[in-house]
Amino acid sequence: MATILFFGRLRDAVGTNALAATLPDDVRDTDAVRSWLGSDHPALCDPSVRIAVNAEMTAANRAVGDGDEIAFLPPMSGG
Amino acid sequence: MIRVQPEPFDPAAELAAFIAGAKGAGAVASFTGLVRGDDNVSGLELDHYPALTGKAVAAIGEAARARFGLAALAIVHRFGALAPGEPIVFVAAAAAHRRAAFRAVDYMMDRLKTEAPFWKREHGPDGPRWIEARGSDVEDRARWG
């Protein structure tokens, strides 16, 4: 089971802020997670949306598996 | 001193405490960001990613300390529900001379706007609306390399 989090407008686009999901066998990295969920929620595929794994920003595709927390982050707006 | 909190804070008290702790520095600069008092905005909501926010904000502070040789720095950032006119962020820098203090505050704000995991939602007459960093915020951030 992986935990998948959605922030900002992605919360509305997906309809929830968190999912507990069993990753399909062929979904083993962040690019694959994005394509897998993006087929139902195209907002996740926008290049401005970044991914963090276990609360660390990813700069490139990264392996993920059971127990990981995968967060989809739209452009940030602090301050 | 870095805090991320849902409670309101008093920027005057924050600045007084910061100056009291910055003995030996020759210059203190600070910035307070407020929720804009637009007639059409009844409130603001700040979503954030708690597991990431603290360390992202701390990393911005540490980068400013190293880059500008700061003697001390403060970042206070709110999350949750805010009303128009309320302080949302307070940033302060203490340095030997004013230029480093001014620049450090500007730098920290540019990075907070674009790299701290906060997401703003405005509540207005047409319902809630997510606000994202503007192109000008990204250009401001890019000035620092």
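Quick look at the values:
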item: Whole-Å semi-axes of the ellipsoid equivalent to chain A (Cα gyration tensor, √5λ, descending); result: 18, 14, 12
item: Structure-based [θ]222 nm, chain B - -39500 (n - 2.57) summed over DSSP H runs of at least 4, per residue, nearest 500; result: -12500 deg cm²/dmol
item: Net charge of Cβ neighbours under 13 Å - reference A:Thr3; Lys, Arg +1; Asp, Glu -1; result: -3
item: Spin-label pair A:Ala32/B:Arg98, simplified geometry with 7 Å Cα→Cβ offset, distance in nm; result: 5.9
item: Compactness relative to 2.2 N^0.38 Å, alpha carbon Rg of the protein assembly as shown; result: 1.10
item: Backbone N under 18 Å from the B:Ala20 label point (7 Å along Cα→Cβ), restricted to the range B:91-135; result: B:92-94
item: Calculated over the range B:2-126: convex hull of Cα atoms, volume per residue (Å³); result: 95
item: Neighbourhood net charge (15 Å Cβ-Cβ; Lys/Arg +1, Asp/Glu -1) for B:Arg67; result: +2
item: The range B:41-51 - phi-based ³J(HN,Hα) in whole Hz, Karplus 6.51/-1.76/1.60, Gly and Pro as x; result: 10, 8, x, 10, 10, 10, 7, 8, 10, x, 5
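Read-outs: derived from the displayed coordinates by stated rules, not from any lab. Everything quoted here is computed from the prediction, not taken from an experiment. All Cβ positions, even for glycine, are placed from backbone atoms using ideal geometry, and neighbour counts span all protein chains on display.
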